[in-house]
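Remarks on the structure that follows.
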Amino acid sequence: MHPVWRDHLTATSTRIDEDGIPRFPEPAPDAKPDCRLFDLSHLGLLAVRGADAFGFLQGQLSNDLRELSESHVHWSSHCSQKGRMLANFLVIRVGETFYLQLPAERVPDLLKRLRMFVLRSRVTIDDASDDLVRIAIAGDGAAVALSACDLPVPEFENGLAIVGEIAVVRLPGPTPRIEIIGPPEPLRAHWDTLKTRAVPANTDAWTLLDIRAGIPSVYNETADTFVPQMTNMQLIDGVSFHKGCYTGQEIVARMQYLGKLKRRMYVGEVESDAPPRPGDALFSPDSTSQQGSGTVVAASPLDTGRYALLAVVEIKAAESGEVRLSEGGPPVRLEAPPYGFPVEETATG
C-alpha cells in the first residue's frame, strides 16, 4: 500500500491489518445502504510494459489482447502446461501499459513465473500494487455518486474510461460496481468525496459481490487446480478460442472442442459452524470421480453461520441435488450464476 494512501486511511480512523488490508468501522445507523465504498488493497496489480509487451502477453494469457481498447477491459488467465489456471485476473490497457489485477497473494508467484518467459523480449514486468490506488463504489446509487467526482461512468459492463492518469472500470454483476484506479493524490480526493455518499465496506463484502456476479478468483489454495472452463471463464469473456497458441492452450482447446465439460462453477449457500475456505472439498454420494465431487472457489459470510460461495462441482453431482461441505458436512444449495449456462453446455455435462 502506498504510504500516502495508508496515511490517509489511518487519518480517517481506519484500521490497517498487518497484511495491508483496511478494516473499516461499522457504518452509522443512518448510513445509506444502497451505496458502498471499497478500498481494494487486497487486490494486487502487475504492470507489463515494453516494445514486445503485447506479443509477450498474447503468448501467455488465455484471452485475446486485440479485444482490449481504451473503452473495454476483459478477464483472462495464465495457465500451466496442463491447462490449469495458476492465476486469473482483470486486464486493463492504459496507453502502452497492460495491468493485470488479481488477488494480492498471487502476485509474487505470477510475477516470478511470467518473468521466466521473458528471455530476450523487450518487456518489463513489475509489481505496481503500491504505485496505484484502487477503490470502488457499488450499489444502485454508484453512478450518481461518482458524478460528484466529475468522472465518466462507462455505459456497459467491462467498459473503460480514461481521464488523465485515472482509469474508471465498470465491472459486471447484478449489483452495479465501478472501480477507479489512479495515483494516490487524486484518488484521495475522490475517496473523500465518495465517502460522503457511500458507506465504507470491508473485503468480505467485495468478495460477496464477486460471488453473486459469478466472477472466480484463483487463490494460493486453488492454483493449478482448474481448467478455465471449470470456473466459467469462457462465459465471462475470459478465454479466446481463436487467438492461437498460449501456454496451456492445447488442453483448454481440447476441452472446448473434443471433450465434455464435467465440472462447472455454481453460486452456492451453506450453513456451517466453520467458515468455508477456497480449496475446501465438497462431497456428493452420486460422485464417481476419483478427484472428488467439487471444490470451493471463494466464500463470504452472509450472517452468523451462513455463507455464500462459488464452487466448482461435478455437473452430475450438482444436478442430483445432494452436495455437502465435506463428507457428512452441511448441505450446499447450488444455483446457476447470473449469466446462466448455455443449453448446449448443459447437454454435454
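Computed quantities for the displayed model
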| read-out | value |
| --- | --- |
| Those residues of the stretch 238-277 which are at positive phi and surrounded by 19 or more Cβ atoms within 10 Å (Cβ to Cβ), in sequence order | G248 |
| All positions within the stretch 327-342 that are more than 25 Å from the chain's Cα centre (by Cα) and of a type outside the set (D, E) | G328, G329, P330, P331 |
| The listed residue being basic (K, R) and over 20 Å from H74 (Cβ atoms), out of K262, K243 | K262 |
| Residue in the stretch 110-128 that is among the aliphatic types (A, V, I, L, M), under 28 Å from T193 (Cβ atoms) and touching a Pro at 6+ places or on another chain (Cβ under 9 Å) present | no |
| Strands (runs of 3 or more DSSP E) contained in the stretch 79-166 and holding at least 3 residues touching a helix residue (DSSP H, G or I) at 6+ places or on another chain (Cβ under 9 Å) and not assigned by TED's automatic domain parsing to the domain that holds V239 | 85-94, 97-103, 124-127, 133-138 |
| Residue within the stretch 140-158 that is crowded, with 20+ Cβ neighbours inside 10 Å, in contact with an Asp or Glu (Cβ under 9 Å, 6 or more places away or on another chain) and within 30 Å of N220 (Cβ to Cβ) present | no |
| Answer from T207, T196, T231 - the residue that is surrounded by fewer than 20 Cβ atoms within 10 Å (Cβ to Cβ) and hydroxyl-bearing (S, T, Y) | T196 |
| Residues of the stretch 30-74 classified as in a loop (DSSP other than H, G, I, E, B) and of a type in the set (A, V, I, L, M, F, W, C), total | 6 |
| Any hit, the stretch 119-137, residues being buried (at least 16 other Cβ atoms within 10 Å of the Cβ), out of contact with any strand residue (DSSP E or B) (no Cβ under 7 Å at 6 or more places or on another chain) and more than 23 Å from L57 (Cα to Cα) | no |
| All positions within the stretch 68-82 that are surrounded by 16 or more Cβ atoms within 10 Å (Cβ to Cβ), more than 20 Å from R115 (Cβ to Cβ) and out of contact with any Lys or Arg (no Cβ under 8 Å at 6 or more places or on another chain) | H72, H74, W75 |
| Members of the stretch 114-154 found to be charged (D, E, K, R) and more than 23 Å from F98 (Cβ to Cβ), listed by number | D140, D150 |
| Hits in the stretch 61-91 - residues which are among the β-branched types (V, I, T) and more than 15 Å from F156 (Cβ to Cβ) | V91 |
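The values are calculated or read from the model by the stated rules, or taken from the named source; none is laboratory data. Keep in mind it's a predicted model, so treat the numbers as computed, not measured. Here the Cβ is made from the backbone with ideal geometry for all residues, glycine too, and neighbour counts use every protein chain on show.
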